[in-house]
Amino acid sequence: MRVKTLSRPVALAVALVVYAGGSALADDAPTDPPSTADTIAQQVNNVAPSADVVPPTPGKDGDTLMADGSDIKVTAPVDNSGAVQVAPADSPGDTIGIGLPGSGSGDAAVASDGTITYQNAAPATDLAVQPLDQSVRLETVVRDGTAPTSYTYPVNLPAGASMAVQDDGSVLISGADGGSLGAFATPWAKDANGKDIPTRYEVQGDSLVQVIDHTTTADVAYPVVADPWLWRDLIHSASWTYHSGYGWTLKVQPTDWQRFWNGYAPAVAGWNELYSKYKNHGLDTNLGSMKNQYLCHVLIVSWYAPNKSTWDLDEWRPDVGLTDTINHKCNPGPGGFPGEW
């Protein structure tokens, strides 16, 4: 399959677009037809949350497009019969594969903003893949009311892993040991005017299914864009700093996913990931207090100070339990440092 590049590649995203009308023109047409990669990308970007895509480059085998963010590595196929491979940047062998909806008839074309698009991948439907710095978006663009109302993404998980829909509609991917391997964020769908369209995820065996109620919603302005959004890591990085007279502080930089996915279960998942990554790099002292300080940051600081650059966990603070840690603004006991909000 060939990859058609309309302009220099800049990002990778998967989107499914449904819109009314428009027929493809020949490759040598002097102007872009309505369903070209640039049009699909624009339809996605008109309603999707603003984000910078990571530029893809052709894979060595010529059958893939690759994009490396700071926390994630994404490989996209040259047509929608293949799967999008997603791995943490620090563990490239820990891959989750996501098959794309449709019959496999959509060849990849790179839009001028870097979005990878798959035109006519399903009836009245286009797809797009957008790799971002810390995540990857798989978007559905529904062109008109004849398009399907559900789209199936087969997911190839590591041995023993599973998916489960959460109370907020997101889908948590858990490893065989119960640890978090990633999650699909709470689903959304919007029409061309930005109107919310009811949507939800279902887990059917090893597949993620997004249901989009565009045919039962009044006054829909097509296209409708829906967005499976996959994150892998909760922790971006962490480093130690020493405070004279007190001791060591672990300065944690969470990913945007952890900042916004901030209930108790996500907080525990984030702590488990932090401990797994840094238990052999100094995170081995006063763990009860360190855990409670981390949970406090996820549950409270992410709301009161969402742009705080690092979450600081102090080794010297007493283990007073989670409730008292929160009551002391994440900084119980001595230390001379103000609370976190």
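The values are calculated or read from the model by the stated rules, or taken from the named source; none is laboratory data. For clarity, every value in this text was computed on a predicted model and none was experimentally measured. Every residue, glycine as well, gets a Cβ built from its backbone with ideal geometry; the counts of neighbours run over all protein chains shown. Ligands, DNA and RNA are stripped out before the accessible areas are found, and what is left, the full protein with its side chains, is counted by its heavy atoms. Shrake-Rupley method; radii C 1.70, N 1.55, O 1.52, S 1.80 Å.
To keep it simple, each residue is scored yes or no on (1) in contact with a helix residue (DSSP H, G or I) (Cβ under 8 Å, 6 or more places away or on another chain); (2) open to solvent by less than 10 Å² (accessible area, probe 1.4 Å); (3) not polar (S, T, N, Q).
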| residue | (1), (2), (3) |
| --- | --- |
| Ala238 | yes, no, yes |
| Ser244 | no, no, no |
| Thr249 | no, yes, no |
| Lys277 | no, no, yes |
| Thr285 | no, no, no |
| Ser289 | yes, yes, no |
For the stretch 196-254, list the strands (runs of 3 or more DSSP E) that sit wholly inside it and hold at least 2 residues that are touching a Leu at 6+ places or on another chain (Cβ under 7 Å) and under 24 Å from Gly175 (Cβ atoms); which are they? 235-243, 247-254
Output the residues belonging to the stretch 261-310 that are charged (D, E, K, R), without any contact (Cβ under 8 Å) to a residue 40 or more places away in the chain and not in a loop (DSSP other than H, G, I, E, B). Lys291
In the stretch 238-265, anything of a type outside the set (Phe, Trp, Tyr) and under 17 Å from Asp284 (Cα atoms) is listed as Ala238, Ser239, Thr241, Gly247, Thr249, Leu250, Lys251, Val252
Among the residues of the stretch 94-151, the number that are in contact with a Lys or Arg (Cβ under 7 Å, 6 or more places away or on another chain) and more than 20 Å from Pro56 (Cα to Cα) is 2
Give the residues of the stretch 56-67 that are within 14 Å of Val84 (Cβ to Cβ) and surrounded by fewer than 19 Cβ atoms within 10 Å (Cβ to Cβ), sorted by residue number. Gly59, Asp63, Met66
Does Trp257 satisfy being surrounded by fewer than 19 Cβ atoms within 10 Å (Cβ to Cβ) and of a type outside the set (S, T, N, Q)? no
Just a yes or no: is a residue in the stretch 170-191 at pLDDT 95 or above, more than 26 Å from Thr255 (Cα to Cα) and buried (at least 16 other Cβ atoms within 10 Å of the Cβ)? yes
Taking the criterion of being free of Cβ contacts under 8 Å to residues at least 24 places away in the same chain, farther than 19 Å from Asp227 by Cα and within 16 Å of the chain's Cα centre (by Cα), would at least one residue in the stretch 97-119 satisfy it? no
Test of understanding: among Val129, Val165, Val141, which residue is touching a residue at least 12 places away in the same chain (Cβ under 8 Å), open to solvent by less than 10 Å² (accessible area, probe 1.4 Å) and farther than 15 Å from Asn46 by Cα? Val129
Considering only the stretch 80-111, state which residues are open to solvent by less than 50 Å² (accessible area, probe 1.4 Å) and touching a Gly at 6+ places or on another chain (Cβ under 6 Å). Asn80, Ala83
Looking only at the stretch 316-325, which residues are open to solvent by 40 Å² or more (accessible area, probe 1.4 Å) and of a type outside the set (S, T, N, Q)? Trp316, Pro318, Asp319, Val320, Leu322, Asp324
Result of the Cβ filter at 8 Å on the stretch 198-220, keeping first residues that are aromatic (Phe, Trp, Tyr) and partners that are outside any loop (DSSP other than H, G, I, E, B), at least 6 apart or interchain, is Tyr201/Val165; Tyr201/Val171; Tyr201/Phe184; Tyr201/Leu208; Tyr201/Val209; Tyr201/Gln210; Tyr201/Val211
If you check every pair at least six apart or on different chains, which have Cβ atoms under 8 Å apart with a residue in the stretch 225-251 that is under 14 Å from Leu138 (Cβ atoms) first and a residue that is open to solvent by 10 Å² or more (accessible area, probe 1.4 Å) and polar (S, T, N, Q) second? Val225/Gln43; Val225/Asn46; Ala226/Thr199; Trp231/Gln134
